[in-house]
Each structure stands twice: as structure tokens, then as C-alpha cells.
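Worksheet for the structure shown next.
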Amino acid sequence: MCFVQALCSPCGGGIFQNIECGGNSASEKLRFVNFQFHHGFNAVGLGRCRKSLLKPITAKEDRESIIADDGNGVPKYKGISVNKRNCVKNEPDSSFTNHSAAFSGKSTIACALSRSLHSRGKLTYILDGDNIRHGLNRDLGFKAEDRSENIRRIGEVAKLLADAGIICIASLISPYQKDRDACRALLPKGDFIEVFLDVPLAVCEARDPKGLYKLARAGMIKGFTGIDDPYEPPCSCEIVLKQQQQKGSDCMSPNNAAEKVISYLEKNGYLRA
Ligand SMILES: Nc1ncnc2c1ncn2[C@@H]1O[C@H](COP(=O)(O)OS(=O)(=O)O)[C@@H](OP(=O)(O)O)[C@H]1O
Ligand SMILES: Nc1ncnc2c1ncn2[C@@H]1O[C@H](COP(=O)(O)OP(=O)(O)O)[C@@H](O)[C@H]1O
């Protein structure tokens, strides 16, 4: 692994300098790259590059081969185009959002879907609301504005991952239509696939593995989705996984739910070989 730290040279001519860490001598390997540009921008990426390319860039022409100026002083990076990346991966960018109430089975289905896509050779990443709230979104609570911001940030991360050719599965409650619409608007048409996990509240509440519904019913958690905060079912979405409560049996199995999503993807040309 090689770390490349970008340093602005005093004359403004150099872009980055190469600092190597680790002793792997292979000429091509994964590298973590941190570019810090003159305008205060930072970009971090993980990519493949040949060692011979890792040299300080000093010439103006070299800089221009990487950065284009949009005329307003905002640099635009000339990376590998999405189409070129997809030639390698041979699949369109896509991003799912799988939403429903707490304990409806979002994470479980997201994992089943990820496994199923993996077995078809696809690269996926799960963005799970509950987990991301421990890191990237740990400053956010459950007020409507915080939920919007949570979903917006996750949408932006999904967009970056999709741009890198990774199928992103976002698993969130995402209770408000306007936030889902805003997230859809972030991605190119057809790249956002909305999956609604339609599970009766009673089923989620009966599961309640963390005891949160109990606390919400007792008034000890305020603004809990489905109890004293609304969940707006989607007006329209690509896939509905309807989980009816049936006597003596539980809902559709997570694998069957994942297979429904896979057949949608196959039918709509997302999983071409
Ligand atoms: N007030 C309130 N309302 C709803 N959910 C709550 C609340 N407080 C904590 N939790 C737990 O947080 C998880 C939901 O986080 P999300 O990021 O998916 O929510 S949202 O999309 O921003 O609405 C959700 O986890 P999941 O069960 O994975 O959905 C809950 O367990
Ligand atoms: N299809 C299913 N049938 C029965 N139990 C399920 C199913 N899907 C999930 N569960 C269980 O429900 C609980 C909540 O599931 P989870 O995937 O964590 O939901 P969410 O991410 O929506 O909170 C877990 O205990 C899980 O094992």
C-alpha cells in the first residue's frame, strides 16, 4: 500500500509528492491516495495505479491533464469516466434504497441481496442507517430535519459509490416521501431503485429485538416512527415486498425477498453478464 499525500508547492506548480509506506514491491497494486489541491479541496480514493505513475507532477501540462478549470476557479478532476469503469465492470451504476419501519427486516434483506449479487460476481456495499448513525451521521437525531440530512448524506455517499461502479444498497427507515424523492433526484434516471418493505407495524413491534417499540409506547422515546412519528408509504416505487402476517407462519423469507429484487434487476437489464 502506498500513501500519496498532496502538498501545495510554494510556486503553485507541483501537485503532489509521493510518500511511500510499506514494502510491497509489486508494480501494480491497490493504493490509498489523498490529493490536496490548491483550492483547499481534498479527494481520497482507492485505486489501481502503476508505480511509474507515482511521481511528483511539476509541469503545467501535467496539471492540466488531471484538472480542468471550469472558468470559475473550481477544479474539475479528469478521472476515469463512468463509462470506462463500467466497461471493466460491465454493469450500470445503481443504487437501491430499501426502506420501511424499524425491525421490518431491512438489514436482513439487504444482506441477503448483497450475498446474492456477490454470488453473481457483483460488487456491492450496504449503507445501513442504523450503522451509519454511529459514524458519519453520529451528530444526527430523529427530528424531521435530522432524518432528511441523514438520508441526504447517505444518498451522496451512494452516489459516489455508484460512480465507482459499486452497487449500493441503502437500508433506511426513510419515512418521508420528500426525502426519498430528493435522494432519487441525486442519481441519474434509472440508477435509483426504490424497494418498499411493506410489513405491518404489529409484526415489527412483535419482533422488537432492541425493545425500542416498548420504550416508545411507554413514552420514553419520543418521535418513534410508526408510534408518534409518521411513516409515509411510497406513492410509487420500483419494488414492493409485501410481507403479510399469516397465521402460523412468518413473513416471506429474506432470501425470497432478495430474489424478487434480483428478478427485477434481471428483467430490467441491470445484471447483464
Ligand atoms: N425515534 C426513532 N425513530 C425510528 N427509529 C429509531 C428512533 N430512535 C432510534 N431508532 C433506531 O434507529 C434506526 C433508524 O435509523 P435510520 O437512519 O434508518 O432512520 S431514518 O431513515 O433517518 O428515519 C432504527 O433501526 P432499524 O431497526 O435498523 O431500522 C431504530 O432502531
Ligand atoms: N423475513 C423475516 N422473518 C422473520 N424474522 C425476520 C425476517 N427478517 C428479519 N427478521 C428478524 O427481525 C428482526 C429485525 O430485522 P432487521 O433486519 O434488523 O430489521 P431492520 O433493519 O428493518 O431493523 C431481527 O431479529 C431479524 O432476525
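The values are calculated or read from the model by the stated rules, or taken from the named source; none is laboratory data. In this text, all values refer to a predicted model and were calculated from it rather than measured experimentally. Glycine also receives a Cβ, built like all others from the backbone with ideal geometry; neighbour counts cover every protein chain displayed.
Within segment 117-137, is there a residue that is touching a residue at least 60 places away in the same chain (Cβ under 8 Å) and part of a helix (DSSP H, G or I)? Reasoning before the result, please.
Kept after step one, since they are touching a residue at least 60 places away in the same chain (Cβ under 8 Å), are these residues of segment 117-137: 117, 120, 122.
Filter once more, keeping what is part of a helix (DSSP H, G or I): 117.
The answer is yes, given that some residue of segment 117-137 is touching a residue at least 60 places away in the same chain (Cβ under 8 Å) and part of a helix (DSSP H, G or I).
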Note: among E194, E145, E205, E149, just one is acidic (D, E) and closer than 23 Å to S114 by Cβ, namely E194
Picked from segment 181-228 (must be in a helix (DSSP H, G or I) and more than 16 Å from ligand 2 (Cβ to nearest atom)), the residue surrounded by the most Cβ atoms within 10 Å (Cβ to Cβ) is C183
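Looking only at segment 218-244, count every residue that is touching a residue at least 12 places away in the same chain (Cβ under 8 Å) and in contact with an Asp or Glu (Cβ under 9 Å, 6 or more places away or on another chain) and tell me the total.
Filtering segment 218-244 for residues touching a residue at least 12 places away in the same chain (Cβ under 8 Å) gives 223-235, 237-244.
The next check asks that each one be in contact with an Asp or Glu (Cβ under 9 Å, 6 or more places away or on another chain); those that pass are 223, 226-227, 233-234, 237-244.
The total comes to 13.
Could you run through segment 129-162 and say how many residues are within 16 Å of ligand 2 (Cβ to nearest atom) and either at pLDDT 95 or above or crowded, with 19+ Cβ neighbours inside 10 Å (or both)? Spell out how you get there, then give the answer.
First pass over segment 129-162, keeping only residues within 16 Å of ligand 2 (Cβ to nearest atom): 129-134, 137, 142, 147, 150-151, 154.
Remaining after also requiring either at pLDDT 95 or above or crowded, with 19+ Cβ neighbours inside 10 Å (or both): 129, 132-134, 137, 142, 147, 150-151, 154.
The number of residues fulfilling the criteria is 10.
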